[in-house]
Structures are given as C-alpha cells and as structure tokens.
Amino acid sequence: VQMNFSIAYHKGLGTNYQISAGYQIGLVNKNIVTNGLTFPIQKNPAGTGYDPTLYNPEVIDKGLNYLDHHAGLMWLGKISDLFSLFAGGSVFHLTQPSESFLGGSNKVPMRVLFHGGSKVRLGDIFSISPNTRRCTTTTRR
C-alpha cells in the first residue's frame, strides 16, 4: 500500500513561458504473508514430502514502513501559436529509504528522469507532440 501527497507551484514568466516545481511525499507499507510458503528445512526427514509442523528457523519481518520523497521541475515555452517546447526532470526516492524484510540495508535506488518535447498544432482540432525521455537509476547498496 502506498499513499502519496503532492504539491506543485506554477509560475508564469511573461506571457509565453512557465516554470513548474513539484514535490511528493509518500508513506509506503509493504507486507509478506508467509501462510502457504514452504522452506527446504521443512522437508520431512524421510525425504518423502513437506511437513508444515517441522520447526522453521526462517525469521521474516512481516512488514515495513517508510517515507519516500520525490521532486521535479518543468519548463514550458510557447514559441508561436502553433508551436511550443517543454523540458523537465524528476528525482524519485531522494532519501533512498531502506527496504528489507530481513533487517538488511537494501536501499531503494534513486531514479532520475529527464524529459522534453514539443507540441505542434495542426489546425483547431489536432496536434502532434513528439517527445523523449531518459531515465537512469543508481545501483542498489
């Protein structure tokens, strides 16, 4: 389960340009349901099958919670009545929260996204919007 709260600010720069900034904070809750999971140590000594009554030393923390932070910027420019450009970037998992059910330090990797494009009006009804994006992720630690 994840619940997010977002806020954004948009500022006009003259009549043809705009810059926007946004921030998002989320509360993440993840759980493991161990009912129905089998572990190799629960194989009966005779080797004929699985015995759920055998002792299982596997210790799994059944839940974790953490706050997650994201932020972004975007620029929009109206070049003419028929043509506009936009570009922006976002950073996800700013604090690289720890996400481990076994008590380790498995950090959520930071993700950086850049995007840009244009919008070309084709009359009063249609437009095309070619765009691109590039996403990179830091390695897990």
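The values are calculated or read from the model by the stated rules, or taken from the named source; none is laboratory data. All values derive from a computational prediction rather than experimental measurement. A quick note on method: Cβ atoms are made from the backbone with ideal geometry, for glycine too, and the neighbour counts reach across all protein chains shown. Calculation scope for accessible area: heavy atoms of the full protein, side chains included, ligands and nucleic acids excluded. Shrake-Rupley method; radii C 1.70, N 1.55, O 1.52, S 1.80 Å.
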Inset, instruction - Please identify, among Leu85, Leu64, Leu37, the residue showing maximal mean-square fluctuation in a Gaussian network model of the chain using a 10 angstrom Cα cutoff. - result: Leu37
Inset, instruction - Rounded to whole Hz and in sequence order, give me ³J(HN,Hα) for segment 32-39 from the Karplus expression 6.51 cos²θ - 1.76 cosθ + 1.60, θ = phi - 60°, writing x for Gly and Pro. - result: 10, 9, 8, 4, x, 7, 10, 10
Inset, instruction - Would you be so kind as to identify which of Leu94, Thr53, Thr132 lies farthest towards the positive end of the dipole of the chain, taking Lys and Arg as +1 and Asp and Glu as -1 on Cβ and the Cα centre as origin? - result: Thr132
Inset, instruction - Would you tell me the accessible area of Ile128, worked out with a 1.4 angstrom probe on the heavy atoms of the protein chains, in Å² to the nearest 10? - result: 90
Legend entry - Residue with peak Gaussian network fluctuation, the chain [Cα springs, cutoff 10 Å], from Phe126, Phe86, Phe101: Phe126
Legend entry - Spacing of the two label points (7 Å from each Cα toward its C-beta) at Asn131 and Ser20, in nm: 0.9
Legend entry - Segment Leu27-Asn56, extension gain: residue separation times 0.36 nm, minus the distance between their alpha carbons: 7.3 nm
Legend entry - Summed residue charge, Cβ within 13 Å of Met3's Cβ, Lys/Arg positive, Asp/Glu negative: 0
Legend entry - Tyr17 long-range amide H proximity, modeled H, under 5 Å: Lys78
Inset, instruction - For segment 1-43 and segment 73-141, write down the distance between their C-alpha centroids in whole Å. - result: 15
Inset, instruction - Taking the Cα centre of the chain as origin, sum charge times position over the Cβ atoms of Lys and Arg (+1) and Asp and Glu (-1), and report the length of that vector in debye to the nearest 20. - result: 420
Inset, instruction - Rounded to whole Hz and in sequence order, give me ³J(HN,Hα) for segment 81-89 from the Karplus expression 6.51 cos²θ - 1.76 cosθ + 1.60, θ = phi - 60°, writing x for Gly and Pro. - result: 5, 10, 9, 9, 10, 8, 7, x, x
Inset, instruction - Using the heavy atoms of the protein chains and a 1.4 angstrom probe, tell me the accessible area per residue for the chain in square angstrom. - result: 71
